[in-house]
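Bear in mind these aren't lab numbers, they're just calculated from the coordinates by the rules spelled out. Just so it is clear, the model here is predicted, and its values are computed rather than measured. Reconstructed Cβ throughout: ideal geometry from the backbone, glycine too, with neighbour counts over all protein chains shown.
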Amino acid sequence: ERCRRSTPHRERLGGDMGEVAVAVEAFREQFDAGIASLTPDIATLATTWKQQQRVNELCDRLCALVPTHVWCDALLDAGERLFERGQHELARRACFARVADANLLDDEDERWKRAKEDRARGVGPTDRRRMHVLALFGRARCDGAMQAAEDPRVRHPQTLERAKRTLANLREATQEAYRGDESLYWLVHNGTVHIHAMCERLMRNGHSAHAVESLAFAVACLESHVLLAVPRYLDWRVTLASEVCAAYGDVGDCDAHARAFIAKCVEHVDDLRRLEALDPVPQTPEVASLYASAERRFRALNARYDEAVTGDAASVTAEMEATAFVPGDKARFLMALLADANARIVKHRDGTIEVDGKTYRPQMPPTLEAKMKMEIPAEVLKHKDAVIAELKETNDILETKSRKLEQLVRLKDAKIQTLLTKLQALTGGNLVVAAPPPPPSSSGGS
């Protein structure tokens, strides 16, 4: 609302790009000075409230001075810098949320019509969609970071619900990038990366059932986008497919779903390979290597769920022979088949750990004293204990001597006072105590 009330002033600066550039440069200089003392360890301290308020006011002022498409780009960059400093709440509120709520996708907005008439740069539909998607990504990433800081192990049901909403927001932002021009393919790829990071946290803490859908969505994005369904991104696609299978394994009793999912992924790769074969240009060794690596990894994934392959040594050998195309393929197949076969560790909310279907309850971590005893030999500890005991005894003796000396001083003062009283009584109260003689001079004169 504040930005809308300042529209006439913003239009005045919008007519002179020199003034706009000066305003943006001034904002960046003041912003750099404002965040210089903000670090992750004081992100939530009340002592930083004034600095955060100053940053928020700078963003308000920028929105009132320059056109919308200019401050959107500037705030996206500022939000990333705040995110890197651990200021997730400030980055979300002052930067990403503003851009996300700027109505960038509405082509009927008067701001974009006027900008088009003025032939302004960076206000086309693709540019506005890019800024909108980046803002949605930034807001969701800030939400995920704050959730991880509040509840790292996702123990509370409220944290799980918020994490599911964050995943839904990441999927929505990725879909917005997918609906746009093909040149925004990199945003779709970034969306799969953010989704994978969020799902990895859920799977690590025993919530794999809530990560399967989002991971499968990420794989589908890579398979269906024209510029992402290429050999260059095969490795990342297989990695996501492996995570989907791992999530199925964590859930349990989903081997049929995992096999069907792997078969679908292999089918898409085969389709891509057939399209590549139609190209008159010969396939490069790098592309051939990417296809071979993907095929090996998919075969290894399928072998884990296919009892006909892993039932006996002969079946494994036959599958290995069928996979061997170049020297070293047999060894790579066995390594892929055995890699991480039993290393999937799932941490449940009750503190138990599941490894290869077996549940264990870990022991409490040893205390500092126990660690010290484990690391230091017994004879050394015994010698140090003896030295400490001897020093304590010496200290007790010195304290006793000090107390005795204080008592002697008090007795001496009492005797001196008694003698002075007697002398005054004998002299009739005319006793004058002479000053002590000065110390002898060390100069040797006289």
**OP:** Calculate the tail of P(r) for the stretch 149-217: the fraction of all Cα-Cα distances greater than 18 Å, expressed in %.
**Re:** 37 percent
Original post:
What share of Cα pairs, in percent, lie more than 17 angstrom apart in the stretch 186-286?
Top reply: 52 percent
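Taking R0 as 35 Å, what's the FRET efficiency between Ala149 and Ala21 from their Cβ-Cβ distance, rounded to 0.05?
Calculated transfer efficiency: 0.40.
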**OP:** Give the Kirkwood hydrodynamic radius (Å, one decimal) of the stretch 86-188, defined as one over the mean of 1/r across all pairs of different Cα atoms.
**Re:** 14.9 Å
Original post:
Between Asp279 and Asn395, what length in nm is gained on full extension when 0.36 nm per residue of separation is reduced by their alpha carbon distance?
Top reply: 32.7 nm
Subject >> Under the Debye formula (equal points on every Cα, no solvent term), log10 I(q)/I(0) of the stretch 45-95 at q = 0.20, 0.27 Å⁻¹ >> reply: -0.65, -1.05
Subject >> Range of Cα positions in the stretch 52-133 per principal axis (Å), largest first >> reply: 39, 24, 17
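Sort 290-298, 19-27 for me by packing, meaning the mean count of neighbouring Cβ atoms within 10 Å per residue, highest on top.
Result, highest mean first: 290-298, 19-27.
Let me know the charge dipole size of the stretch 38-179 about its Cα centre in debye, to the nearest 20, where only the beta-carbon of Lys, Arg (+1) and Asp, Glu (-1) is charged.
On the way: 26 positive and 23 negative charges, 41 e Å.
Taking the Cα centre of the stretch 38-179 as origin, the dipole is about 200 debye.
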Original post:
Just for the Cα atoms in the stretch 252-297, what are the lengths along the principal axes, largest first, rounded to whole Å?
Top reply: 45, 17, 7
Subject >> Ala263-Glu161 FRET efficiency (beta carbon distance; Förster radius 30 Å; 0.05 resolution) >> reply: 0.35
Original post:
How much FRET efficiency would the formula 1/(1 + (r/R0)^6) give for Glu57 and Ala209, where r is the Cβ-Cβ distance and R0 is 51 Å, rounded to 0.05?
Top reply: 0.70
